[in-house]
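K.L.:
Below you'll find the structure I mean.
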Amino acid sequence: MNIARIQREFAEAQSTFAVLELRPTTDGNVYARTALQTSNGVYVLSVRFPDSYPNEMPRVTVDTPAITTSPHRYQGGHICYLHPSMWNPGVHNLTFVIARAAKWLNKYEVWRTRGTWPGAEIKH
């Protein structure tokens, strides 16, 4: 895990997202927490960086409110904000991840209202 890169990305993301924290993990690494406002409320998310970051994309989970059922989530509960084959460590960063998570939340709210997930989909 490239902690220096994460710290740089965190500093950059703070200029875009009002509520963003970088927290230590018990194993000496870090993760990010953010709160995002939608038309239906506030969601708190955690962004967990894999040991191979930035070569592997972070995992994003919705901490509150609890989402027990929805499409476009993995078995571990983290959301599918981007197909893993599309992750590009030279282009994508924490700001991108949080922005895509915000887009996922908006689609989730549409799905809850209409029963269909809006937009394109890549099966995996």
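K.L.:
On alpha-carbon atoms, Rg over Rh for segment 77-118 using Kirkwood Rh?
P.N.:
1.04
K.L.:
With the radius of gyration and the Kirkwood radius both derived from the Cα set of segment 49-92, what is their ratio Rg to Rh?
P.N.:
Answer for segment 49-92: 1.01.
K.L.:
Turning to a different aspect of this structure: Would you list THR26, THR69 from the most to the least accessible area, probe 1.4 Å?
P.N.:
Greatest to least solvent exposure: THR26, THR69.
K.L.:
Round to a whole number: what % of the accessible area of the chain belongs to carbon and sulfur, probe 1.4 Å?
P.N.:
That share works out to 49 percent.
K.L.:
Can you tell me the 0 to 90 degree angle between the C-alpha axis of helix 94-114 and the longest principal axis of the chain, rounded to 10?
P.N.:
The two axes meet at around 10 degrees.
K.L.:
Next up: Find the relative contact order for the chain and round it to a whole percent, using C-alpha pairs within less than 8 Å whose residues are 6+ positions apart.
P.N.:
For the chain, the relative contact order is 19 percent.
K.L.:
Quick check on the chain: helices-only [θ] at 222 nm, where DSSP H runs of length 4 and up contribute -39,500 (n - 2.57) each and the sum goes over total residues. Nearest 500, please.
P.N.:
About -8500 deg cm²/dmol.
K.L.:
Starting from 0.36 nm per residue, how many nanometres of slack lie between ARG8 and THR64 once their C-alpha separation is accounted for?
P.N.:
17.5 nm
K.L.:
With a 1.4 Å probe and all protein chains left in place, how much accessible area per residue does the chain have, in Å²?
P.N.:
Result: 57 Å² of accessible area for each residue.
K.L.:
Using only alpha-carbon positions, what ratio does the radius of gyration of segment 3-59 give when scaled by 2.2 N^0.38 Å?
P.N.:
Ratio of Rg to 2.2 N^0.38 Å for segment 3-59: 1.18.
K.L.:
Would you mind checking segment 62-102 for residues with the amide N under 12 Å from a putative spin-label position 7 Å along Cα→C-beta of PHE17?
P.N.:
Residues 62-63, 93-102 qualify, since their backbone N sits under 12 Å from the label point.
K.L.:
Something else about it: Restricting to DSSP loop positions (anything but H, G, I, E, B) with no more than 11 other Cβ atoms inside 10 Å of their own Cβ, which GluC sites (Glu not before Pro) remain in segment 19-124?
P.N.:
Here the GluC sites (Glu not before Pro) that fit, given the DSSP loop and packing criteria, are GLU121.
K.L.:
Using only Cα atoms and rounding to the nearest 10 degrees, what angle (0 to 90) does helix 3-13 make with the longest principal axis of the chain?
P.N.:
So the inclination is approximately 50 degrees.
K.L.:
When averaged across all projection directions, what area in nm² does the alpha-carbon convex hull of the chain cover?
P.N.:
Across all orientations, the chain yields a mean hull projection of 7.9 nm².
The values are calculated or read from the model by the stated rules, or taken from the named source; none is laboratory data. Note that this is a predicted model, so its numbers are computed, not measured. Note that each Cβ is placed from the backbone with ideal geometry, even for glycine, and that neighbours are counted across all protein chains shown. Accessible surface is based on the protein model in full, side chains and every heavy atom, while ligands, DNA and RNA are left aside. Shrake-Rupley method; radii C 1.70, N 1.55, O 1.52, S 1.80 Å.
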